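What follows is one structure encoded as structure tokens, with my remarks underneath.
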Amino acid sequence: MCAMIEKTLSIIKPDAVAKGVIGQIVATFEGNGLKIAAMKMVYLSKREAEGFYAVHRERPFFGSLTDFMSSGPAVVMVLCGENAIARNRELMGATNPAEADDGTLRKRFASNIEQNAVHGSDAPETARTEIAYFFPELEIVNG
Ligand code: IDP
Ligand code: MG
């Protein structure tokens, strides 16, 4: 089902896991043409969160963001589907939930610009590196 189809990395961040909305978020993906090719729960260390968000290390919110991402369990997933990267970003909505369109995951579930419920890769190259950060090839189901 997912061989040769575009893949992206999704994270249900610790705020959304704490709110008990994993199921609603997964249902949104499944109801909008995205399939789950891999999924697991993780509890990132500070260092693992810093590694994942290394591109943002110069940003003023880097310390706070990586504290938040290592504050509780998160769910990491590989989503696949036609235009999975763009489709996921559309379902997520704007980074700042105050600017996110109605019905988007961030409008529905984010607390603020930092604790914003979900992550999604933003381009093919970042999707590849972000997927590889969490999943060895053997854990991604293509069948
Ligand atoms: P994105 O998640 O929509 O791609 P990015 O700009 O890549 O947004 O930022 C990565 C993450 O860093 C955001 O999802 C959010 O958790 C956090 N973040 C972004 N901008 C801010 C900010 O201005 N203050 C605090 N946290 C921020
Ligand atoms: Mg980003």
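The values are calculated or read from the model by the stated rules, or taken from the named source; none is laboratory data. Worth saying up front: this structure is predicted, and the values here are computed from it rather than measured. Counting neighbours? That spans all protein chains shown, and the Cβs are built from the backbone with ideal geometry, glycine included. Only protein heavy atoms, including side chains, enter the accessible area calculation; ligands, DNA and RNA are left aside. Shrake-Rupley method; radii C 1.70, N 1.55, O 1.52, S 1.80 Å.
On the stretch given as region 1-21, residues that are closer than 19 Å to residue 141 by Cβ and of a type outside the set (Asp, Glu) total 11.
Screening region 1-24 for residues that are surrounded by fewer than 22 Cβ atoms within 10 Å (Cβ to Cβ) and among the aliphatic types (A, V, I, L, M) and picking the one that is modelled with the lowest pLDDT gives 1. Within the set 123, 94, 132, 98, the sole residue that is modelled with pLDDT of 95 or more, open to solvent by 30 Å² or more (accessible area, probe 1.4 Å), away from ligand 1 (no atom under 12 Å from the Cβ) and aliphatic (A, V, I, L, M) turns out to be 132.
Just to verify a result, which residue in region 25-74, among those that are charged (D, E, K, R) and touching a residue at least 40 places away in the same chain (Cβ under 8 Å), is least open to solvent (accessible area, probe 1.4 Å)? Per the criteria, the residue is 40. In region 101-120, which residue that is free of Cβ contacts under 8 Å to residues at least 60 places away in the same chain and open to solvent by 60 Å² or more (accessible area, probe 1.4 Å) is farthest from residue 50 (Cα to Cα)? Among those that are free of Cβ contacts under 8 Å to residues at least 60 places away in the same chain and open to solvent by 60 Å² or more (accessible area, probe 1.4 Å), it is 102.
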